[in-house]
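To start, the structure under review is shown below, and the notes come after it.
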Number of protein chains: 2
Amino acid sequence: MLDDVDKRLLRTLQRNGQITAQELGEVLGLSASQAGRRRQRLEAEGLITHYAAQIDPEPLGLSIQAFVQVHLGTHGPEAARDISRLIHSRTEITSAWTMTGEADYLLRVWTPDLKALHRLIHDVLLPHPAVARVQSQIVMDQLKTDAPLPL
Amino acid sequence: MLDDVDKRLLRTLQRNGQITAQELGEVLGLSASQAGRRRQRLEAEGLITHYAAQIDPEPLGLSIQAFVQVHLGTHGPEAARDISRLIHSRTEITSAWTMTGEADYLLRVWTPDLKALHRLIHDVLLPHPAVARVQSQIVMDQLKTDAPLPL
DNA sequence: GGTGAAATCTACCTAGG
DNA sequence: CCTAGGTAGATTTCACC
């Protein structure tokens with residue numbers, strides 16, 4: 001399984017996916033070859049799924065970030081498949097979850113302005129036959145932003 | 001500003017942050033040197049903030065993902081600073097937002113089990129003097145997972 | 001858009017517990 | 001036998017043309 005060095009390695013790579021094996025070795029107290037080998041092992045085991053560039057949304061004109069809760073009227077497998085297709089077809093929905101409790105779906109959404117958010121709600125989500133109610137909350141401030149997973 | 005090639009480049013790098021300039025050029029229909037140069041420009045302009053390894057939470061024992069809504073009783077700058085410190089001190093809180101509407105804070109949380117989630121709520125959040133009420137929803141299924149930003 | 005020097009990765013090899 | 005460290009050929013980047 002994972003020892004303490006592996007965990008520190010994962011923490012480091014979450015913060016900097018481009019660190020060289022040399023530097024990684026210095027951080028972990030290993031040689032470059034050992035550090036590289038551990039990284040390869042964790043990649044092969046699927047613990048590291050991939051590497052991603054992190055983009056600043058502001059200069060792209062994505063000013064509005066919101067969470068949208070969707071309540072269904074009709075449940076059942078057809079409606080679920082249908083909603084799933086809808087969610088995957090809209091690029092402004094970047095994440096979607098099903099939850100315990102109140103709402104059936106929670107969507108994380110990025111749009112250039114309020115108008116685009118309202119269009120998503122009123123022209124895309126609400127017209128869907130299975131959707132009963134939609135409730136959106138707009139992000140005012142992101143206090144803590146996509147921190148590394150706790151290891 | 002950003003042209004269409006830049007946007008495709010950002011989309012590509014969000015999916016694969018380790019792609020070589022050679023491959024990137026093939027995807028974009030550019031030479032390797034031009035592709036690498038565009039990437040450098042977007043990094044220098046701060047559009048690409050950094051690169052991060054993406055970790056699979058399951059094998060790490062992070063089985064529970066939840067969203068926690070925090071309602072404050074006392075508002076004001078002191079309480080806000082205090083809560084902010086609290087949020088940043090807990091590694092199981094990976095993201096935090098202030099929102100319009102109902103709740104004052106929305107927290108995204110990862111824990112190994114329900115016990116740890118309940119400890120966070122009852123031993124960390126609720127005892128805080130400014131916190132009035134806490135409401136948590138546990139993620140059952142992640143339908144769409146951290147898709148690239150819509151460009 | 002192309003090129004070459006410098007840096008980096010990684011497969012292979014050797015040493016030690 | 002398993003884990004750690006070193007080395008050299010192949011690959012990639014990036015400053016310059």
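The values are calculated or read from the model by the stated rules, or taken from the named source; none is laboratory data. In this text, all values refer to a predicted model and were calculated from it rather than measured experimentally. Please note: Cβ atoms are built from the backbone with ideal geometry, for glycine as well, and neighbour counts cover all protein chains shown. Side chains are part of the model used for accessible areas, which takes the heavy atoms of the whole protein and leaves out ligands, DNA and RNA. Shrake-Rupley method; radii C 1.70, N 1.55, O 1.52, S 1.80 Å.
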Exercise for review: May I ask you to say which residue of A:Gly25, A:Gly73 is within 16 Å of DNA strand C (Cβ to nearest atom), more than 23 Å from the chain's Cα centre (by Cα) and over 29 Å from B:Leu114 (Cβ atoms)?
Suggested key: A:Gly25
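Taking B:Leu107, is it under 18 Å from A:Pro150 (Cα atoms) and surrounded by fewer than 15 Cβ atoms within 10 Å (Cβ to Cβ)? I'd like the intermediate steps shown before the answer.
Details: under 18 Å from A:Pro150 (Cα atoms): yes; surrounded by fewer than 15 Cβ atoms within 10 Å (Cβ to Cβ): no.
Criteria not met by B:Leu107.
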Review point. How many residues, within the stretch A:92-104, are surrounded by 13 or more Cβ atoms within 10 Å (Cβ to Cβ), among the acidic types (Asp, Glu) and over 16 Å from the mean Cα position of the chain (by Cα)?
Key: 1
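What do you reckon, is A:Ile19 open to solvent by less than 30 Å² (accessible area, probe 1.4 Å) and facing another protein chain (nearest Cβ under 7 Å)? Talk me through it step by step, then tell me what you get.
On the way: open to solvent by less than 30 Å² (accessible area, probe 1.4 Å): yes; facing another protein chain (nearest Cβ under 7 Å): no.
No: the conditions fail for A:Ile19.
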Exercise for review: Give the number of residues within the stretch A:110-129 that are in contact with a Lys or Arg (Cβ under 8 Å, 6 or more places away or on another chain) and either open to solvent by less than 20 Å² (accessible area, probe 1.4 Å) or aromatic (Phe, Trp, Tyr) (or both).
Suggested key: 1
Practice item. Read through the list (1) more than 25 Å from A:Tyr51 (Cβ to Cβ); (2) at pLDDT 95 or above; (3) surrounded by 13 or more Cβ atoms within 10 Å (Cβ to Cβ), then give the number of the only condition that B:Ser89 fails. Key: (3)
Check your understanding: For A:Gln40, all conditions in the list (1) within 16 Å of DNA strand D (Cβ to nearest atom); (2) at the interface with another protein chain (Cβ under 9 Å from one of its Cβ atoms) hold save one; what is the number of the exception?
Key -> (2)
Practice item. Filter the stretch A:28-37 down to residues that are more than 14 Å from chain B (Cβ to nearest Cβ) and among the hydrophobic types (A, V, I, L, M, F, W, C) and give me whichever is nearest to DNA strand C (Cβ to nearest atom). Key: A:Ala32
Exercise for review: Consider B:Ile55 carefully, then state whether it is at the interface with chain A (Cβ under 7 Å from one of its Cβ atoms) and either without any contact (Cβ under 8 Å) to a residue 60 or more places away in the chain or among the polar types (S, T, N, Q) (or both).
Suggested key: yes
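May I ask you to say which residue of B:Leu72, B:Leu62, B:Leu47 is within 16 Å of DNA strand D (Cβ to nearest atom) and open to solvent by less than 30 Å² (accessible area, probe 1.4 Å)?
B:Leu47
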Exercise for review: Please specify each residue of the stretch A:7-52 satisfying the condition of being under 26 Å from B:Gln40 (Cβ atoms) and in contact (Cβ under 8 Å) with a residue 60 or more places away in the chain.
Suggested key: A:Gln14, A:Arg15
Point to revise | helices (runs of 4 or more DSSP H) wholly inside the stretch B:1-110 that include at least 1 residues being within 24 Å of A:Gly101 (Cβ to Cβ) | key: B:77-89
